[in-house]
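Just so it is clear, none of the values below were taken in a lab; they were calculated from the coordinates. Only a predicted model underlies this, so the values are computations on that prediction, with no experimental measurement involved. Backbone-built Cβ (ideal geometry, glycine too); neighbour counts: all protein chains shown.
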């Protein structure tokens with residue numbers, strides 16, 4: 001079983017739609033969780049950290065369920081510029097400070 | 001914000017040659033730098049963790065004699081792909097973490113696209 005699993009998609013949605021991505025992780029000792037965005041042939045960029053209480057940044061909402069080892073990202077009012085791959089990332093300090101990356105979920109927002 | 005550069009941004013070389021990729025933290029000191037590789041439609045795969053002044057820690061399956069890492073200063077790490085072969089063609093990305101014991105965000109370089117003919 002992979003340490004971080006995501007549905008690779010692709011998700012094709014119209015502009016203005018709401019879309020949700022899910023991610024599960026296998027190591028219950030994981031401490032920090034992130035969503036990164038990666039555009040084609042570019043480096044990943046941090047979108048947002050994920051906190052236990054859930055957090056929101058504009059149109060983006062991230063949630064964490066430690067009991068189920070599940071992370072989600074909700075994008076409201078999708079824009080064309082949201083088209084990218086969204087990577088779920090998990091960190092465990094006991095794992096030599098490594099980030100463990102999901103395969104990513106591809107999103108295409110269509111006009 | 002913290003900026004990480006990589007050079008070159010892309011390189012094409014013949015099989016058997018060696019290629020050096022530089023990763024620099026431009027406006028901060030990075031105790032730790034990470035080297036990743038990403039094949040098409042694959043996730044980032046950590047190759048090695050490099051701490052300034054010490055030997056790199058390689059992930060399982062990554063040949064340390066083929067992928068030489070040097071982290072001689074707090075702002076520069078280099079990855080040398082020795083005797084490159086077509087299967088080494090990939091997107092190589094470095095990241096740098098701010099100095100400090102607790103977790104710090106990793107800042108990514110723009111990546112180097114290597115094509116081995």
Please work out the FRET efficiency for the pair residue A:49 and residue B:117, using the Cβ-Cβ distance as r and a Förster radius of 41 Å; give the result to the nearest 0.05. 0.50
Could you list A:15, A:3 in order of exposure, starting from the residue whose Cβ has the fewest other Cβ atoms within 10 Å? A:15, A:3
Ranked list, fewest to most other Cβ atoms within 10 Å of each Cβ, for A:81, B:9: A:81, B:9
Across A:67, A:20, A:93, the residue with the highest GNM fluctuation in chain A (Cα network, 10 Å cutoff) is A:67
Relative contact order (%) - criterion: Cα under 8 Å, at least six apart; region: chain A: 37 percent
Would you please state which residues of the range A:54-78 a label at residue A:108 would reach in this model, taking the label point 7 Å out along Cα→Cβ and a backbone N cut-off of under 19 Å? A:78
Residues in the range A:12-34 near a label at residue A:56, defined as backbone nitrogen under 19 Å from the 7 Å Cα→Cβ point? A:16-21
For chain A, modelled as a Gaussian network with Cα springs under 10 Å, which listed residue fluctuates most, A:54, A:16, A:94? A:94
Theoretical gain in end-to-end length, residue B:60 to residue B:15 [0.36 nm per residue, Cα-Cα removed]: 13.8 nm
Would you mind calculating the gained length between residue A:42 and residue A:12 on full extension (0.36 nm times residue separation, minus the Cα-Cα distance), in nm to one decimal? 8.7 nm
Could you please rank A:66, B:37, placing first whichever residue has the fewest other Cβ atoms within 10 Å of its Cβ? A:66, B:37
Chain B: relative contact order in percent, alpha carbon pairs under 8 Å with at least 6 residues between: 37 percent
